[in-house]
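The values are calculated or read from the model by the stated rules, or taken from the named source; none is laboratory data. Bear in mind the structure is a predicted one, so any value in this text is a computation, not a measurement. With ideal geometry, Cβ positions are generated from the backbone for all residues, glycine too; neighbour counts draw on all protein chains shown. Remember, those area values only see protein heavy atoms, side chains included, never the ligands or the DNA or RNA. Shrake-Rupley method; radii C 1.70, N 1.55, O 1.52, S 1.80 Å.
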Amino acid sequence: MSWDAERERLDAAVRAAVAAADGRAPVVLIDGPSGAGKSSLADDLLRAWPATGRPRLVRMDDLYPGWDGLDAGSAALGRDLLLPLRATGAGHWRRWDWAGDRPAERVAVHGTEPLIVEGCGTLARANVSAADLALWLDADDTLRKRRALDRDGETFAQNWDRWQAEFEEYLRRERPRDSATLRLDVTDWPLGAARVPSAED
């Protein structure tokens with residue numbers, strides 16, 4: 001399927017999710033392996049949001065408590081932000097200070113503006129129950145590893161196997177690809193062509 005057709009399919013899914021939210025904050029979750037293009041797609045959606053409202057963006061890179069923190073970050077996302085936001089209209093997330101290796105400030109999220117959350121671990125089953133649109137991104141393995149290492153350099157290269165092992169356990173346990181309402185192969189997408197590079201794809 002062409003990029004234009006795939007993007008049209010995505011935009012239609014976003015519009016439907018916003019309409020279905022019916023006045024509460026619509027939640028879009030973007031998951032997939034490292035280097036698949038998650039933060040690039042989130043940035044593109046943020047820049048050209050195809051529905052009403054002005055979306056807010058949360059990156060899972062800011063929640064993981066270190067290189068072994070995929071599961072902890074995923075659990076905190078649901079417990080502290082997604083489920084309370086769905087139930088009461090307000091939630092929060094806590095930033096992880098990577099340089100200091102400790103928790104940092106708490107960030108409050110409230111109101112009815114759309115919320116985009118991108119990163120590995122967003123589509124854990126408990127989190128998907130609080131989402132209006134759950135996206136899974138696929139990309140060629142060689143391409144995505146090159147993207148990830150080009151982006152994060154030696155730091156990620158030293159931790160690739162460690163992170164990948166935790167991610168594969170998450171895949172086995174949560175089966176996030178099966179929970180997605182829309183799966184997109186973004187190998188040939190021109191993601192990030194007009195953006196400032198960010199911390200995680």
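Brief remarks follow.
- In region 1-18, the qualifying residues are those that are among the small types (Gly, Ala, Ser) and either at pLDDT 95 or above or in a loop (DSSP other than H, G, I, E, B) (or both), and the one that is farthest from residue 110 (Cα to Cα) is 2.
- Picking from residues in region 74-95 that are in contact with a strand residue (DSSP E or B) (Cβ under 8 Å, 6 or more places away or on another chain) and among the small types (Gly, Ala, Ser), the one that is most open to solvent (accessible area, probe 1.4 Å) is 90.
- Answer from 98, 136, 67 - the residue that is within 18 Å of residue 35 (Cβ to Cβ), open to solvent by 40 Å² or more (accessible area, probe 1.4 Å) and either modelled with pLDDT of 95 or more or over 14 Å from the mean Cα position of the chain (by Cα) (or both): 67
- Some residue of region 16-27 being out of contact with any helix residue (DSSP H, G or I) (no Cβ under 7 Å at 6 or more places or on another chain) and among the β-branched types (Val, Ile, Thr): yes
Condition check ((1) open to solvent by 40 Å² or more (accessible area, probe 1.4 Å); (2) modelled with pLDDT of 65 or more; (3) assigned to a helix (DSSP H, G or I)) across all residues:
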| residue | (1), (2), (3) |
| --- | --- |
| 153 | no, no, yes |
| 156 | no, no, yes |
| 160 | no, yes, yes |
| 163 | no, yes, yes |
| 167 | no, yes, yes |
| 173 | yes, yes, yes |
| 178 | yes, yes, yes |
| 192 | no, no, no |
| 195 | yes, no, no |
